[in-house]
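Here the structure is laid out as C-alpha cells; the discussion comes afterwards.
The values are calculated or read from the model by the stated rules, or taken from the named source; none is laboratory data. As the structure is a prediction and not an experimental result, all values here were calculated from the model. Note that each Cβ is placed from the backbone with ideal geometry, even for glycine, and that neighbours are counted across all protein chains shown. In case anyone asks, the SASA skips ligands and DNA or RNA and just uses the protein heavy atoms, side chains included. Shrake-Rupley method; radii C 1.70, N 1.55, O 1.52, S 1.80 Å.
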Amino acid sequence: MKLNKIHQDLKELYEGKERLDTILGVEFSHQEEVKIYTKILEIGQWYVAPFSFERYDSYAIKLTPNKKLLDSPVYLRNRWDHYLFSNNLANFLSFGQLRMLDTSEFVQYILDDWQLLEELSLPFREYTNSLDSLKFLKEYLHNEDKLKYLKNPSEFYPNIYLDFWNHYYDTPQQRGYVTLMQLMMEEESYLPDFEIKDYGIWNTRAYNALSQRAYSDSLFDLNEQKKSNFYWQSFIQAHGFDAMRYVLDILPEYSANSDSQMTTTIGFANSDRIYQFPEKMQEHPLFLPLERITKFSKSYNGDAHIEAAKAIDEELNDPVMAWDALVSAGYWNGVNFGSPNMDAWKAAIDLSEKHSWTEINEVLIDQLEFYNQYKDKF
C-alpha cells in the first residue's frame with residue numbers, strides 16, 4: 001500500500017540506486033518506513049505528505065490549499081513540529097546541500113562528488129521539471145567572492161543561508177521577510193506598526209516572530225491591545241509550523257515548538273489577559289480555541305478548532321483559514337494525547353473535496369487508508 005503519491009513515485013524512481021544518503025543527503029526508501037510513517041500518522045500529522053524518511057526526522061510537503069503538491073513548501077519534521085526547509089520540491093536537493101555547508105569540509109566533498117551528484121539527482125530533477133536546479137549551487141561553490149563564507153561557516157553560515165533563499169525564492173515576499181527579521185534582530189525593541197502583510201511561505205514564521213517580539217520584555221509597556229493584534233495574527237496560522245522563540249534568528253529554530261509558544265507568549269500567569277483583546281477578536285470563531293489553549297493547554301484535544309473551522313468556512317467564507325484551523329486541531333491532539341483527531345482528519349477530507357483541492361484530498365484519503373491498515377501492527 002502506497003504512503004502517498006509523491007513518495008511512491010520517488011521510491012520507484014530510485015529503486016536499486018545506491019549512495020543516495022551520502023551523495024543526495026536523503027533516501028526515499030527505509031527498511032522501517034512503514035513503521036515510521038505509521039508513527040507519524042499516529043501522532044496526528046495527516047496534514048503533511050512525507051516523502052523521505054529517517055529514524056527521527058522526515059521531510060514532508062506541507063499540504064497547502066490552492067497549490068499543487070510540487071509547488072508546495074517542503075518541511076523538516078522534528079517530533080511534533082515542522083520547520084520550513086525549501087520553497088518547493090524542485091529545490092529540495094539544493095537546500096539539502098545547503099544544510100551541509102554549515103561545515104567547511106563539506107564544500108570539497110560536494111565538489112569531489114559533483115558528477116555523481118548530477119547523475120543521482122537527474123531522475124529527481126526530471127520528475128520535478130527542474131533540470132537547472134543545481135546550477136546555482138555549482139556557481140556558488142566556485143565563486144571566489146563567497147570563499148570567505150564557505151571557509152568560515154561558524155561565522156558566516158547565515159549569509160550562505162540567505163544567499164540560497166534569496167536566489168531560490170526570489171520574490172517580494174522573501175525580501176520583505178528578510179528585511180523584517182534583520183530589523184528585529186538588529187534592535188531588540190524594534191516592532192513595526194501592525195499591518196497584515198503577505199510574507200509568502202514565511203507568513204507563519206514572520207507572524208510568530210512578531211508575536212514573540214510584541215510580548216518580549218523589551219516592549220513590556222506596549223499597549224495590550226496593540227500586542228493582541230500581533231498575537232492574534234500568529235494564533236490564526238496553522239499550529240505546528242515554524243515556531244519561534246523570544247531570541248530571534250534568521251536560521252530555523254529546531255528546538256522551538258508551537259505548543260509552548262502559544263501558551264508562554266501571553267503568559268501562564270494571567271490567561272485572562274485575552275479578554276482585553278478587541279471585541280472583533282473575541283467574537284471570532286477562533287476565540288474559543290484560544291480560551292481553551294490558554295486555560296487548559298495540556299488537556300486540549302483540538303475539538304474547538306474543528307467547531308471554529310466549520311463556522312469559518314460556512315459563515316466567513318474563508319476555506320483556507322478553516323483548513324489551518326483543522327491542522328491546528330490535529331496538532332494539539334497529537335501533542336497532548338499522541339493520537340490523531342479523527343474528526344479533524346475527516347473534516348479536512350470533506351473540506352478539500354468541497355473546495356476541489358484534488359491533490360490534497362487524494363493524499364488525505366491515501367493516508368487514512370494507510371493508517372487504518374497499519375495502526376494496530378506496531
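Taking the Kirkwood radius as the inverse of the mean 1/r across Cα pairs, report the Rg/Rh of the chain.
Numbers: Rg = 21.1 Å, Rh = 21.7 Å.
Radius of gyration over Kirkwood radius for the chain works out to 0.97.
At a 1.4 Å probe radius, which order do E224, E362 fall into by accessible area, largest first?
Numbers: E224 40, E362 95 Å².
Largest accessible area first, the list is E362, E224.
Quick one: what are the phi-derived ³J(HN,Hα) couplings along region 243-252, Karplus 6.51/-1.76/1.60 with θ = phi - 60°, whole Hz, x for glycine and proline?
Calculated HN-Hα couplings, in order: 5, 10, 10, 4, 7, 7, 9, 6, 7, x Hz.
List the lysines whose alpha-carbon lies under 21 Å from that of K135, not counting same-chain residues fewer than 8 positions away?
K146, K148, K151
In square nanometres and to one decimal, what's the mean projected area of the convex hull around the Cα atoms of region 66-186? Mind showing how you got there, number by number?
Details: hull surface 36.6 nm².
Orientation-averaged projected area of the Cα hull: 9.2 nm².
Evaluate the Kirkwood expression for the hydrodynamic radius of region 227-330, namely the inverse of the mean inverse distance over all pairs of different C-alpha atoms, and round to one decimal in Å. Don't jump to the answer; show the numbers that get you there.
Details: mean 1/r = 0.0707 Å⁻¹.
After inverting the mean inverse Cα-Cα distance, the result is 14.1 Å.
Please turn the phi angles of region 321-335 into ³J(HN,Hα) values with the Karplus equation 6.51 cos²θ - 1.76 cosθ + 1.60 (θ = phi - 60°), one per residue in order, whole Hz, x for glycine and proline.
5, 4, 4, 4, 5, 5, 4, 4, 4, x, 4, 5, 5, x, 4
Report the percentage of all Cα-Cα pairs in region 19-78 whose separation exceeds 13 Å, rounded to a whole percent.
Values: 1107 of 1770 pairs.
Roughly 63 percent, rounded to a whole number.
Could you check how many percent of all C-alpha pairs in region 131-239 are farther apart than 22 Å?
Numbers: 2673 of 5886 pairs.
Here the tail beyond 22 Å accounts for 45 percent of pairs.
Quick check: from the Cα gyration tensor, does region 293-378 come out rounded (a/c under 1.5), prolate or oblate?
Numbers: a/c = 2.93, a/b = 1.04, b/c = 2.82.
Oblate shape, in that a/c is at least 1.5 and b/c is the bigger or equal ratio.
Within the set of other residues whose C-beta is less than 12 Å from the C-beta of L101, count the net charge using Lys and Arg as +1 and Asp and Glu as -1. Mind showing how you got there, number by number?
Numbers: positive: R99, K146, K151; negative: D102, E105, D163.
With Lys, Arg at +1 and Asp, Glu at -1, the net is 0.
With θ taken as phi - 60° and the coefficients 6.51, -1.76 and 1.60, list the Karplus ³J(HN,Hα) couplings across region 291-300 in order, rounded to whole Hz; mark glycine and proline as x.
4, 4, 6, 5, 9, 9, 4, 7, 10, 6
Would you please classify the overall shape of region 185-275 from the alpha carbon gyration tensor, given that a ≥ b ≥ c denote the square roots of the eigenvalues, rounded means a/c under 1.5, and beyond that prolate means a/b larger than b/c while oblate covers the rest?
Values: a/c = 1.33, a/b = 1.19, b/c = 1.12.
Rounded, since a/c falls under 1.5.
With a probe of 1.4 Å, find how much accessible area the chain has per residue, and write the answer as a whole number in Å².
Working: 17190 Å² over 378 residues.
Per residue, the chain has an accessible area of 45 Å².
Do you know the relative contact order of the chain, to the nearest whole percent, from alpha carbon pairs under 8 angstrom that are 6+ apart? Walk me through the intermediate numbers first.
Values: 540 pairs, mean separation 70.4, N = 378.
Reported relative contact order: 19 percent.
Bin by bin, in steps of 5 Å, what percent of the Cα pairs in region 1-147 do you find, going until the bin that has the longest distance?
2, 9, 19, 22, 20, 15, 8, 4, 1, 0
Among residues other than R19 whose Cβ falls under 11 Å from its Cβ, what is the net charge (Lys/Arg +1, Asp/Glu -1)? If you can, show how the numbers build up before the last one.
Numbers: positive: K17; negative: E18, D21, E27, D113, E119.
Taking every other residue near R19 into account, the sum is -4.
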